[in-house]
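Report on the following structure.
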Amino acid sequence: MPRIEHPRDALVRVTRSCICGSDLHLYRGMVPDTRVGMVFGHEFCGIVEEVGPEVEKLKPGDHVLVPFNIACGQCHFCKQGLFGNCHEANAEATAVGGIFGYSHTAGGYDGGQAEYARVPYADVGPTVIPDWMDLDDAVMLTDVVPTGYQAAEMGGIQKGDTVVVFGAGPVGIMAARCAWLFGAGRVIVIDHLHYRLDFARRYCPAEVYDFREIEDMAVFVKKQTDSLGADVCIDAVGGDAAGSALHTLFGKAMKLEAGSAIALHWAINSVKKGGIVSIVGVYGPTGNMIPIGNVLNKGITIRANQASVKRLLPRLIEHVQAGRIDPKALITHRMSLEDVSDGYHIFSAKLDGCIKPVLYPNGGQ
């Protein structure tokens, strides 16, 4: 049972918690310093049960969505809106800030796939859920929606641009959907699981292609774009990508690089000269085999980061209220917390058409 450990903490009774594709990196041993006994889960919402003496913006009874970033709100990076890079929330913060339930590399905080969660810096991240908002929409605003939205935002999409998204998981699907909000003229999604491609075709909507049917990704994309390449490529897969026996062996089996970087290869080689590659897929903190020479010679801009959820929430809440984004439509599986092991198995093994599983601790109440 978590407890208040600092005057700025809150104790939250969890009502919804997601299993994320990033959790599968932990599940498969891809993230260093994931310790036995750690509680996973960085996407959750719940009801405030108790607050520390210095918490001013929350009170017991508030139903809040909790961003996956743990941010102090006062450091050099938080003041720039880089809440995913907070310098105070994580003792290992040479790079990433604190993240709930995501190993000691990300601060060692227990997560929200539990009945209760301790929430540090409670006046910074947690946001009271509007009365009109469906709680299933709210929990998707803790990570999936802002990460997909920021992927499109970092792409610097201009009106009429062709955007290629690698990966039709929940974040890739959301990135493709949000690309239209920034003015894209054409959106293409690449994956190899037909149920996910079918979902993306309907939801985004997008043109979809199975990479197993493509001999050379860069040649294929150039043929689709008057031989120029895509204006923007988004890597929404990260180190768990399929599609290359070499990267699977080195990055996933032998762990000699930080996961399989084939989607990033495709993005770099498929984007046009002077184009932008946006990376939100998770890679580990060690090296990768990527074609950095192509980045230089093509004049590519690379933008990447963990989503700064707090910065994006006001705009995203507006989009949900206006009906421009329907987050809960991504949820395909709902189950109790007690069935979490089945949830991981179904999601990890890509069974039963699973796009996004949500857990309901405490009966969802």
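With respect to residue 303, is the statement that it is outside any helix (DSSP H, G or I), open to solvent by 60 Å² or more (accessible area, probe 1.4 Å), in contact (Cβ under 8 Å) with a residue 40 or more places away in the chain and within 30 Å of residue 124 (Cα to Cα) true? Judged against the criteria, residue 303 is a match.
Within the stretch 28-63, the residues that satisfy the criterion of being more than 25 Å from residue 135 (Cβ to Cβ), modelled with pLDDT of 90 or more and open to solvent by 50 Å² or more (accessible area, probe 1.4 Å) are 35, 36, 37, 53, 54. So residue 177 passes all but one of these: (1) open to solvent by 30 Å² or more (accessible area, probe 1.4 Å); (2) over 15 Å from residue 203 (Cα atoms); (3) not β-branched (Val, Ile, Thr). Which condition number does it fail? Result: residue 177 fails condition (2) only.
Only a single criterion out of (1) modelled with pLDDT of 95 or more; (2) at negative phi; (3) in contact with a Gly (Cβ under 8 Å, 6 or more places away or on another chain) is not satisfied by residue 274, namely (2).
With respect to residue 115, determine if the residue is within 16 Å of residue 11 (Cβ to Cβ) and touching a helix residue (DSSP H, G or I) at 6+ places or on another chain (Cβ under 8 Å). So residue 115 fits the description; yes. Entry remark, the stretch 231-255: residues being within 16 Å of the chain's Cα centre (by Cα), of a type outside the set (A, V, I, L, M, F, W, C) and part of a strand (DSSP E or B) number 3 in total.
Residue 117 satisfies every condition listed in (1) assigned to a loop (DSSP other than H, G, I, E, B); (2) within 19 Å of residue 48 (Cβ to Cβ); (3) among the aliphatic types (A, V, I, L, M) except (1). Taking only the stretch 73-108 into account, find how many residues are of a type outside the set (Gly, Ala, Ser) and under 22 Å from residue 138 (Cα atoms). Matching residues across the stretch 73-108 total 5.
Which residue, of 131, 123, is open to solvent by 30 Å² or more (accessible area, probe 1.4 Å), out of contact with any strand residue (DSSP E or B) (no Cβ under 6 Å at 6 or more places or on another chain), without any contact (Cβ under 8 Å) to a residue 24 or more places away in the chain and farther than 11 Å from residue 65 by Cα? That would be 131, the only listed residue that is open to solvent by 30 Å² or more (accessible area, probe 1.4 Å), out of contact with any strand residue (DSSP E or B) (no Cβ under 6 Å at 6 or more places or on another chain), without any contact (Cβ under 8 Å) to a residue 24 or more places away in the chain and farther than 11 Å from residue 65 by Cα. Of the residues making up the stretch 337-351, those that are open to solvent by 40 Å² or more (accessible area, probe 1.4 Å) and not hydrophobic (A, V, I, L, M, F, W, C) are 338, 339, 341, 342, 345, 350. Can we say residue 95 is more than 19 Å from the chain's Cα centre (by Cα), open to solvent by 10 Å² or more (accessible area, probe 1.4 Å) and aliphatic (A, V, I, L, M)? Criteria not met by residue 95. Of all residues in the stretch 306-326, at least one satisfies being small (Gly, Ala, Ser), under 26 Å from residue 156 (Cα atoms), under 18 Å from the mean Cα position of the chain (by Cα) and open to solvent by less than 30 Å² (accessible area, probe 1.4 Å).
For residue 142, the criteria (1) farther than 27 Å from residue 183 by Cβ; (2) of a type in the set (Ser, Thr, Tyr); (3) not in a helix (DSSP H, G or I) hold in every case but one, which is (1). Taking each residue of the stretch 251-264 that is touching a residue at least 12 places away in the same chain (Cβ under 8 Å) and looking for partners that are open to solvent by 10 Å² or more (accessible area, probe 1.4 Å) and basic (Lys, Arg) with beta-carbon atoms closer than 9 Å, six or more apart or interchain, yields 252/28; 259/252; 260/252.
The values are calculated or read from the model by the stated rules, or taken from the named source; none is laboratory data. For clarity, every value in this text was computed on a predicted model and none was experimentally measured. Note that each Cβ is placed from the backbone with ideal geometry, even for glycine, and that neighbours are counted across all protein chains shown. We work out accessible area using only protein heavy atoms, side chains counted, and drop any ligands, DNA or RNA first. Shrake-Rupley method; radii C 1.70, N 1.55, O 1.52, S 1.80 Å.
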